[in-house]
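Worksheet for the structure shown next.
Quick note: the coordinates plus some simple rules give every number you see, no bench work behind them. Fair warning: this is a prediction, and the values are worked out from it, not measured in the lab. Glycine gets a Cβ as well: all are built from the backbone with ideal geometry, and neighbour counts include every protein chain shown.
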Amino acid sequence: MDYETFYRHSIEAPEAFWAEQAQLIDWQTPPRQVLDYSRPPFRRWFVGGTTNLCYNAIDRHLEARGDQLALVAISTETGLTRELSYRQLHREVNVFAAVLAALDVQRGDRVVIYLPNIAEAVFAMLACARLGAIHSVVFGGFAAHNLALRIDDAQPKLLIAADAGMRGGKVIPYKPLVDAALEQSAAPPPHVLIVDRGLDPQMTRVAGRDLDYAQLRKAHEQAEVPVAWLESNEPSYLLYTSGTTGKPKGIQRDVGGYAVAMAMSVRYIFDIAPGQVMFSTSDVGWAVGHSYNVYGPLIAGATSLLYEGLPTRPDPGIWWYLCERYSVRTMFSSPTGIRVLKKQDPAWLRKYDLSSLQWLFLAGEPLDEPTAHWITDGLGVPVIDNYWQTETGWPAITLMPGLELKRVKFGSPGLPAPGYRMKVIDEATGEEAAPGHKGVLVFEPPLPPGCLSTVWGDDERYLSSYFGHFKELLYSSLDWAIRDEHGYTTILGRTDDVINVAGHRLGTREIEESVATHPAVAEAAVIGVRDELKGQVPVVFATLKQDAGTQAGQVAQAMQQRVVDQLGGIARPSRVYVVNALPKTRSGKLLRRSLQALAEQRDPGDLSTLDDPGALEEIRRALERGPDQT
Ligand code: ATP
Ligand code: MG
């Protein structure tokens, strides 16, 4: 079927469309009603249907593909690789579920999972799903304060943690962070279940509270834990947004709608059939990890690769080596990951046999055109930018090569995914913006299956955060977008990332794109800085490619000139700083908020999501030293 027919069907007859897609998963009881939209914008998909995510991800495949690889967990940090067939995964998840049950984890209870990107994180998630417990994975790189915030909000019955993670060959102890978080927390769970990787010999345990997984598992090695059949709209998991713009929200996902969205998207967007191999480089702590390292590929009966490590260790060819080794068909990563590789020799992209690789999907932040070209040319496979949010749980704007590969337009994630009634709204008029005109990207409710049901414990916040921005009832993405006459949408940045220069509104993304066209530039961040005369002026911070070899001053001047040539004098960066690193969140998103605060000599605010404190120091030094170009 072609994309247009498929998409149109999903919009014109959503109930018929999703009823068909619902057949991609197994139900214990089939749904009574496809959609209940009696309380807009809240909606309930597949009402009355009962199912289970763990059953769909594992049990139902045992007969046909019990011996096929389900999960390959690779760590270039510890040097360990674990290959698990569906049967072996079934065993491990049953054992984990039995341990959780023995600790009185029951249906509806929350379990916070604070683990690195290792197989046990997948076991723990699926074990919760099996029991009907609600997992909330907190990215292992988050500091104690972040963990405590999430614990207080989710109020878990149990916390699962590791002794340590590793990054770039360095052990990063987790347990002291866990201890500190529980100290700060107003609702500490009674137990911490520790997956001891043997990485931190100094780890201390709190008697009575801290339990050792390896020890408990011995009593349950042969356990069979029955699947809890959940009504489609019961919560399956919580995932807190990454907090680039403020206090994180507990995104709540359902069971049936999510399972159907996973099955549909893996097949028609990511082009993965049972038995094929998908490699997402994400961490399970992010939305991509939940959907396309764990639930999506497993629900599809595919093989999922999980990777702990850097893209450049042991060498910058490691991802491509893994593609060859496991015959990966679809790979999923982020623009940040690719920009890291862009600083390296492109010959690494050609070192391995990539004949199995069909698609590279990238998401999470804008994919600038130069990076898109670099990786497309280097790999020789189509690169598919796709736009989504933690809230949506799966791509909202993308191309769908599993159905039909439409033309790739560089700089644009493409066309709306099935079920998304997408509009671009002019902020001033509240009306739909014409093609070529900037506006706010919105979705008309009811949102398709798989998207958030609400904000955990806070329906009001769900309404005010997402649905309170326009006269009409619309889900606001809080991102700027522009659509061309063919419906291709380009994301221009977040609505709070707009610079107002002497009354002209400029998107930071446009200026960043322009700066990044300079061949020596690896990555650029543009912010608006207060200015007496103009209100705000654009300021550029940029890193250069390793082999750039040019004078920072020269490149800075050339960057400025490019912006003037491409966007006009009004967008002329008033200062350009060449730096060694940019401040980012642990998920690889630029922390423009903190950059801006520093540049305006304000307090950079909550830095707990910051990846590398050194990057902020680097900015401070650059500001002191003065710009490379004014
Ligand atoms: P918070 O909502 O807590 O501030 P966040 O928005 O950074 O954090 P995510 O849900 O992980 O957390 O990120 C979604 C955002 O990432 C989108 O709203 C958009 O701004 C950006 N984004 C994701 N994919 C793309 C893409 N393909 N192109 C451009 N921007 C993208
Ligand atoms: Mg967001």
For this session: Kindly identify region 327-445 as rounded, prolate or oblate by the Cα gyration tensor criterion: order the square roots of the eigenvalues as a ≥ b ≥ c, call it rounded if a/c is under 1.5, otherwise compare a/b with b/c, prolate if a/b is larger, else oblate.
Result: prolate
Exercise. For GLU444, GLU120, GLU617, what ranking results if the residue with the fewest other Cβ atoms within 10 Å of its Cβ goes first?
Worked result: GLU617, GLU444, GLU120
Exercise. When the helices in the chain are scored as -39500 (n - 2.57) per DSSP H run of 4 or longer and the sum is shared across all residues, what 222 nm value do you end up with, to the nearest 500 deg cm²/dmol?
Worked result: -8000 deg cm²/dmol
For this session: Between ALA214 and THR29, with labels modelled 7 Å along Cα→Cβ, what's the label distance in nm to one decimal, could you check?
Result: 4.4 nm
For this session: Can you spot the lysines whose alpha carbon is less than 28 Å from LYS343's alpha carbon? Ignore those fewer than 8 places along the same chain.
Result: LYS170, LYS351, LYS409, LYS545, LYS584, LYS589
Exercise. Of the listed peptides 576-589, 189-202, what is their order by residue-averaged count of other C-beta atoms within 10 Å, with the highest listed first?
Worked result: 576-589, 189-202
Exercise. By per-residue mean of other Cβ atoms within 10 Å, what is the highest-first order of 452-462, 123-133, 218-228?
Worked result: 123-133, 452-462, 218-228
Exercise. Exposure proxy check: TRP374, TRP388 ranked by fewest other beta carbons within 10 Å?
Worked result: TRP374, TRP388
For this session: Please order LYS247, LYS342 by the number of other Cβ within 10 Å, starting at the fewest.
Result: LYS247, LYS342
Exercise. When only alpha-carbon atoms count, how far does the chain stretch along each of its three principal axes, as whole angstroms with the largest first?
Worked result: 69, 59, 51
Problem set entry | Principal axis dimensions, largest first and in whole angstrom, of region 455-542 by Cα | 46, 38, 27
For this session: Run down the lysines and flag those whose C-alpha is under 17 Å from the C-alpha of LYS471, throwing out any fewer than 8 positions away in its chain.
Result: LYS423
For this session: Let me know the charge dipole size of the chain about its Cα centre in debye, to the nearest 20, where only the beta-carbon of Lys, Arg (+1) and Asp, Glu (-1) is charged.
Result: 480 debye
Seminar exercise, completed: In this structure, the FRET efficiency calculated for THR630 and THR204 from their beta-carbon separation, with R0 = 41 Å, to the nearest 0.05, is 0.20
